[in-house]
Amino acid sequence: MLILLPPSEGKADAGTGRRLDLTRLSLPELTPARQEVLTALIALSGDDEAAALGALGLSAGQRGELARNARLDRAATAPAGQVYTGVLYEALDLASLPAPAQRAARRTVLISSGLWGAVRLTDRIPPYRCPIGAKLPGVGALSAYWRRALAPAMAAAAGDGPVLDLRSGAYAATWAPRGEQAGRTVTVRVVHERDTPAGPTRSVVSHFNKATKGRLVRDLLVAGARPRSAAGLVTALRDLKYTVEEQPTPPGRPRQLDVVVTEL
């Protein structure tokens, strides 16, 4: 099974170990693309401040992010699982996982990134700011750039097992499984059900869906779930007492699940 996660806006303040070495990252076929994006980001962040803030979607109060970006090639690193600190990763709480679940996480999880394309939890990276919506000089729009660069590496990483795709829309657009591989891919939407005087109502949640997805991944890892198909993945979620409803999807497209929760 391959589990695809989005990155988080929240990141650790600084790395704690050796400097960045792109050749040590997983999916080494992405090294040239990572180098191109990294070089462009460093150049942008060290040049015209207003242009860099605009390109990266930052406010004037976040100019410190530019200074950090400008020295990424010599910054200290930490495992990606420690660099990302947002809601999803807090709910996943990697550090407290039992040893077998941690090993499974290292084996199965890939994190999408506007800067790195995709990294594993153990890949050592420096904290950075580079959203997928950015447009870098010489590289262009990152979403389109990674859509071209990622396809072979991601298809190989997915292999012939099921894929649990929990990426947000912008990151999901960088790689869409095709054909038979799409049929083994499951996407998840979190739906909040509430009781009202008029009866139960449902709404799709945005921010809090990250916590649910983090807990979902944690539960799968702790349970030692090793589904061999998309149907097996759905069964594993139901065995973990998640309320799962499958939505109709056309042939050749990933299966879409609604995970219905009553608490956020």
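Looking only at the range 167-182, count every residue that is basic (Lys, Arg) and under 13 Å from residue 151 (Cα atoms) and tell me the total.
Taking the range 167-182 as the starting set, the residues that turn out to be basic (Lys, Arg) are 167, 178.
Filter once more, so that each one left must be under 13 Å from residue 151 (Cα atoms): 178.
Looking only at that region, the number is 1.
Return a yes/no flag: does the range 115-126 have any residue that is surrounded by fewer than 17 Cβ atoms within 10 Å (Cβ to Cβ) and of a type in the set (Gly, Ala, Ser). Within the range 115-126, none of the residues are surrounded by fewer than 17 Cβ atoms within 10 Å (Cβ to Cβ) and of a type in the set (Gly, Ala, Ser). For the structure I just gave you, tell me whether residue 57 is surrounded by fewer than 14 Cβ atoms within 10 Å (Cβ to Cβ) and under 22 Å from the mean Cα position of the chain (by Cα). Yes. Filtered by the rule that a residue be of a type in the set (Gly, Ala, Ser), more than 21 Å from residue 96 (Cα to Cα) and free of Cβ contacts under 8 Å to residues at least 60 places away in the same chain, the range 217-246 gives 231, 236. The C-beta contact set for the range 113-125 (first residue within 19 Å of residue 94 (Cα to Cα) and of a type in the set (Ser, Thr, Tyr), second residue in a strand (DSSP E or B) and open to solvent by 10 Å² or more (accessible area, probe 1.4 Å), distance under 8 angstrom, 6+ apart or interchain) comprises 122/79. Applying a threshold of 8 Å to beta carbon distances and a minimum spacing of six or more residues, or different chains, the list of pairs starting in the range 7-18 at a residue that is under 14 Å from residue 65 (Cβ atoms) and ending at one that is modelled with pLDDT under 90 and open to solvent by 30 Å² or more (accessible area, probe 1.4 Å) is empty.
In the range 66-79, the count of residues that are modelled with pLDDT of 95 or more and closer than 21 Å to residue 2 by Cα is one or more.
Only one of 67, 75 is open to solvent by 30 Å² or more (accessible area, probe 1.4 Å), at negative phi, touching a helix residue (DSSP H, G or I) at 6+ places or on another chain (Cβ under 9 Å) and not β-branched (Val, Ile, Thr); which? Steps first, answer last, please.
On the way: 75 fails: open to solvent by 30 Å² or more (accessible area, probe 1.4 Å).
Answer to the selection: 67.
Per the conditions (1) under 21 Å from the mean Cα position of the chain (by Cα); (2) in a loop (DSSP other than H, G, I, E, B), the sole criterion not satisfied by residue 38 is (2).
Which residues, taken from the range 220-255, are part of a strand (DSSP E or B), polar (S, T, N, Q) and open to solvent by 60 Å² or more (accessible area, probe 1.4 Å)? I'd like the intermediate steps shown before the answer.
At the first step, the residues of the range 220-255 found to be part of a strand (DSSP E or B) are 243-247, 255.
Checking the rest, the ones that are also polar (S, T, N, Q) come to 243, 247.
Within the range 220-255, 243 is the sole residue that qualifies.
For first residues located in the range 132-159 and closer than 28 Å to residue 180 by Cβ and in contact (Cβ under 8 Å) with a residue 40 or more places away in the chain, partners that are of a type in the set (Asp, Glu) and surrounded by fewer than 18 Cβ atoms within 10 Å (Cβ to Cβ) and lie 6+ apart or on another chain with Cβ distances below 8 Å form the pairs 152/29; 153/29. For the range 19-56, a residue qualifies if it is touching a residue at least 24 places away in the same chain (Cβ under 8 Å) and of a type in the set (Asp, Glu), and the qualifying residues are 21, 29, 36.
The values are calculated or read from the model by the stated rules, or taken from the named source; none is laboratory data. Keep in mind that what you see is a predicted model, and the values were worked out from it rather than measured. Cβ sites come from the backbone with ideal geometry, for glycine too, and all protein chains shown count toward neighbours. All accessible areas refer to the heavy atoms of the entire protein, side chains included, with ligands and DNA or RNA removed. Shrake-Rupley method; radii C 1.70, N 1.55, O 1.52, S 1.80 Å.
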